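What follows is a set of notes on a single structure, which appears directly below.
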Amino acid sequence: MFNSLSDRLTETFRNLRTKGRLSESDVNKTVRDIRLALLDADVALPVVKTFTHNVRERALGAEVSEALNPAQQVVKIVNDELVTILGGETRGLRFAKQPPTVIMLAGLQGSGKTTLAGKLAFWLKEQGHTPMLVAADLQRPNAVTQLEVVGQRAGVPVFAPERGNIAGHDAVGADIEGTRSHGDPVAVSRNGIAEARAKQHDVVIVDTAGRLAVDENLMQQAADIRAAITPDEVLFVIDAMIGQAAVETAEAFLEGVDFTGVVLSKLDGDARGGAALSVAEVTGRPIMFASTGEGVKDFEVFHPDRMASRILDMGDVLTLIEQAEKAFDRAQAAEMERKFLAAEDFTFDDFLQQMAAIKKMGSLKSVLGMMPGMGQMKAQLDAFDEREFDRVEAMVRSMTPFERNHPKQINGSRRARIAKGSGASTSEVNQLLERFGEAQKMMKQMAKGGMPGMPGMPGM
Ligand code: GDP
């Protein structure tokens, strides 16, 4: 996520760090580097101009010359200005006074609307809401079925038009590729909301059709739906990877449908992503959510301040803490701490518990990506194969409870049985046990010598 931009900015600040005092030419050079980094990341030109202008003005002002550490002060200014272009304050969803709250999704085809519908519904459900999805994308042959699958995954009901009435479905509901819609998305949306009201769902998410490119019919349809259902929020979903076209697309949707907030999708991709950074500034609409993968939990509330510090590679410690609090059981955590301090052996059972907690936080990659300094380890992070953990877990699960708690007792024949049970090779089991033994030793040493110091903030 914003990897190259992050690298470039970190590099710029690294050069600055050695300076006690900043001359005008230091500031100019820094601003020039920032400008290039932003342009290379596809941030829209007008946004780059405002941004660098503001940074330069402030960097030459008293705030920096009087600072104890001018370089750090510049990082802070860049951070502040990033927060500003990202929309400033975190903006939560606005709920209707009279339920149901109606949320309409708009965006190009493939931008990630349907996927988002599921994530948003899942997230709302976790907060105690009772969302319902409405399939008003009658354009794409499989869209209704896809939304039904997404709804199932999120555990929320989906209101879909009668089979036989819509694109891609014949009378028995089988998909027919390539057929076109004759259904009426406005009527479906209206009926969906009526159904939600009748069944007392407090939030309705309406998934609408997109096209591959902005076109008038599409805009008209979305505008018609909007007019018919007067949504409380219209969320414009945009693929963070579409580059410079993002600004144009956003402007077209702003004019054609208008929206109240933006959702950045596919932020997990290694794209330059900077165009997405321009969207809030160019449209004046806040970025409200970020989508970071294909799973139903790969979704987060967008916090401009945290995103800025992530881009500056200060890690997103706050998000991490919040997610960890949700995922970790306090009693379990206390038990782990006790064991650790008592220098008791860390067992495979502990390991399984921790893995389960991490998995609850989302994909391991996204968890690791939020740690400070991970920007510098992005190659390793990119190469990281999530399935590796599944293989390890399979081996651990093939162990008996005795073996999990006494790894040292796992002899040759036990190893062969574990390998067989998990579909791994004996040498993979050997490797796992070896690495586990080392980790156990390391944890003991740490427990004796106290915790290792927190890693310093990179780039500072
Ligand atoms: P729609 O046409 O706007 O409804 O888009 P979809 O929800 O069907 O998404 C298009 C494709 O992008 C699908 O293959 C999704 O699995 C994928 N996708 C959606 N959101 C994300 C995301 O945040 N990250 C990644 N990597 N893929 C995503």
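Every read-out reported here was derived from the displayed coordinates using simple, explicitly stated rules and does not represent laboratory data. None of the values given here were measured: they were computed from a predicted structure. Methodologically, a virtual Cβ is constructed for each residue, glycine included, from the backbone with ideal geometry; neighbour enumeration extends over all protein chains shown.
In terms of distances greater than 24 angstrom between alpha carbons, the cross-link table entries K76/K360; K408/K444; K297/K365 yield K76/K360. For the chain, DSSP calls about 15 percent of its internal beta bridges antiparallel. Extension gain, S413 to R211: 0.36 nm times the residue separation minus the Cα-Cα distance gives 66.8 nm. Normalised by the number of residues in the chain, the mean separation of alpha-carbon contacts (under 8 Å, six or more apart) gives a relative contact order of 18 percent.
Under the convention that each Lys and Arg Cβ holds +1 and each Asp and Glu Cβ holds -1, the size of the dipole of the chain around its Cα centre is about 1320 debye. With K and R counted +1 and D and E -1, the other residues having a Cβ less than 15 Å from that of A416 yield a net charge of +2. Entry note, segment 101-311: relative contact order of 24 percent, from Cα contacts under 8 Å with a spacing of 6+ residues.
Its Cα centre serving as origin, segment 78-144 has a Cβ charge dipole (Lys and Arg +1, Asp and Glu -1) of approximately 340 debye. Dividing the Cα radius of gyration of segment 3-85 by 2.2 N^0.38 Å, with N the residue count, gives 1.00. Find how many whole Å separate the alpha carbon centroid of segment 185-211 from the alpha carbon centroid of segment 379-400. Segment 379-400 and segment 185-211 have Cα centres spaced 41 Å from each other.
With contacts taken as Cα pairs under 8 Å and at least 6 residues apart, segment 3-85 reaches a relative contact order of 35 percent. Taking only the Cα atoms of segment 392-448, the ratio Rg/Rh comes out at 1.01, with Rh defined as the Kirkwood radius. Taking 0.36 nm per residue of sequence separation and removing the Cα-Cα distance, the E344/Q200 pair yields an extension gain of 46.6 nm.
Taking each residue as 0.36 nm, the span from E89 to A379 lengthens on full extension beyond its C-alpha to C-alpha distance by 101.2 nm. Quick one: Debye curve from the alpha-carbon atoms of the chain only, equal weights, vacuum; give me log10 I(q)/I(0) at q = 0.13 Å⁻¹ to two decimals. Per q value, in the given order, log10 I(q)/I(0) is -1.17. Phi-derived couplings, Karplus 6.51 cos²θ - 1.76 cosθ + 1.60 at θ = phi - 60°, listed residue by residue for segment 149-155: 5, 4, x, 4, 4, 7, x Hz, with x used for Gly and Pro.
Computed over neighbours whose Cβ is under 14 Å from that of L124, the net charge equals -1, Lys and Arg +1, Asp and Glu -1. Mean residue ellipticity at 222 nm, helices only, the chain: -17000 deg cm²/dmol; runs of at least 4 DSSP H residues each add -39,500 (n - 2.57), and the sum is divided by the number of residues.
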